[in-house]
Amino acid sequence: MKIVVLDGYTLNPGDISWQELERLGELTVYDRTPEEKILERLQDAEIVFVNKVPLTKETLSQAPALKFIGVLATGYNIVDAAAAKELGILVANIPTYGTTAVAQFVFALLLEICHHVGEHSEEVKKGAWTNNIDWCFWNHPLIELAGKTMGIIGFGRIGQQTAQIAQALGMKIVAYDEYPNHALETDTLKYATLDELLGVSDVISLHCPLFESTKGIINHHTIAKMKDGVIIINTSRGPLIVEEDLRDALNLGKVYAAAVDVVSTEPIKANNPLLDAKNCIITPHIAWAPTESRTRLMDIAVNNLKAFLDGAPVNIVNP
């Protein structure tokens, strides 16, 4: 059985192992696959694993041996899943590998906004503390989170994990989700409408999937409903934010600060509006990427294939 990984480098730049996949068939791993090489590399492949290489209906129709596509991510929009179903190809994704890592990263971003740890450390190394006339100094307002309200848009696994960390820091939680589970509510965690959340939150963290209904959910109109000085965090999907509107709100001071790990087009383009925004942290889509998280992803991908080969497929997105 021929197994092909079209773009394996991001998942495994060399610090984890492909060994378990190698045990299941004849494995070929490509670090990256340019568009003009996709069909060539799919020839005779029965199994393909893919992260961001697009697999269109046209491409899939020219890969007659293909039976199973394993997406090495949660989002699977790079595969035409409906076309795959028509062609008898099952598509599986990785639904839960990054919950802990992404929730942790939310607070790496938020705490950097609150304390500017990296910048203050660099200032010390440049001599600013040595030459300071006082026994301490700070270059930015320092923010305490206890007692503040975090609004979480999208209250699935990652949203709930984020809430647990926020509550441990003494924050109150207001959650918005299309399918609320009111059994989760406590004295410090309540569901609300989107407008209610926007009006009361000191920090807003995005954890919803990208649908037509959520595309651009952070825009000029929703920002206008927020508190002055709100902080916005996005570790979910870049197009949830209208980036021009967020830039303007940051530069005008309506939004105090923002931190995004995702943008509308990745890699980020040189003309992305957020590059011109004040108080905006941008990281290169790394919330998911700790070694432990990528190892879980690999393990789930292998188990998805094993289940398929055993005739009891799991995590199928086009049943």
Round to the nearest 10 and give me the degree value, 0 to 90, for the angle of helix 291-309's Cα axis relative to the longest principal axis of the chain.
-> 30 degrees
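Taking loop as defined by DSSP and a crowding limit of 13 other beta carbons within 10 Å, which GluC sites (Glu not before Pro) in the stretch 170-200 fit?
Values: sites: Glu178, Glu185, Glu196; in loops: Glu178, Glu185.
Taking the stretch 170-200 and a limit of 13 other Cβ atoms within 10 Å, the loop GluC sites (Glu not before Pro) found are Glu178, Glu185.
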Residue with peak Gaussian network fluctuation, the chain [Cα springs, cutoff 10 Å], from Cys280, Cys114, Cys208 = Cys114
The chain: longest stretch without exposed chymotrypsin sites (Phe, Trp or Tyr not before Pro) (DSSP loop, at most 13 other Cβ within 10 Å), sites themselves excluded?
-> 10-134
Cross-link partners of Lys278 among aspartates and glutamates (Cα-Cα below 14 Å; sequence separation of 8 or more within a chain) = Glu243, Glu244, Asp245, Asp248
Assuming a ≥ b ≥ c are the square roots of the Cα gyration tensor eigenvalues, decide whether the stretch 27-98 counts as rounded (a/c under 1.5), prolate (otherwise, with a/b larger than b/c) or oblate.
-> oblate
Over the stretch 99-282, what is the mean sequence separation of C-alpha contacts under 8 Å (at least six apart), divided by residue count, expressed as relative contact order in percent?
-> 18 percent
Nearest 5 is fine: what % of DSSP beta bridges in the chain come out antiparallel, could you say?
-> 5 percent
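Counting DSSP beta bridges in the stretch 99-282, what percent are antiparallel, to the nearest 5? Before the final figure, lay out the partial values.
Numbers: 1 of 26 bridges.
Just about 5 percent of them are antiparallel.
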Kindly provide the helix-only [θ] at 222 nm of the chain, computed as the sum of -39,500 (n - 2.57) over DSSP H runs of four or more divided by all residues, to the nearest 500 deg cm²/dmol?
-> -8500 deg cm²/dmol
Share of Cα-Cα pairs in the chain beyond 30 Å, in percent?
-> 43 percent
Expressed to one decimal in nm², the mean projection of the alpha carbon convex hull of the stretch 99-282 is 11.6 nm²
Where the Cα atoms of the stretch 178-250 are projected onto their three principal axes, how long is each span, largest first, in whole Å?
-> 38, 27, 19
Trypsin sites (Lys or Arg not before Pro) within the stretch 224-319: which are DSSP loop residues with at most 14 other Cβ atoms inside 10 Å?
-> Lys225, Lys269, Lys278
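Which whole number of Å³ per residue matches the convex hull of the alpha-carbon atoms in the stretch 1-143?
Values: hull volume 23.5 nm³, N = 143.
For the stretch 1-143, the hull spanned by Cα atoms encloses 165 Å³ per residue.
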Excluding same-chain residues fewer than 8 positions from Lys125, which lysines have a Cα within less than 16 Å of its Cα?
-> none
For labels at Glu112 and Asn271 in the simple 7 Å Cα→Cβ model, what's the distance in nm?
-> 2.7 nm
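Values quoted throughout were computed directly from the atomic coordinates according to the rules given, and no laboratory measurement underlies them. Just so it is clear, the model here is predicted, and its values are computed rather than measured. Cβ: placed from backbone, ideal geometry, glycine included. Neighbour counts: every protein chain shown.
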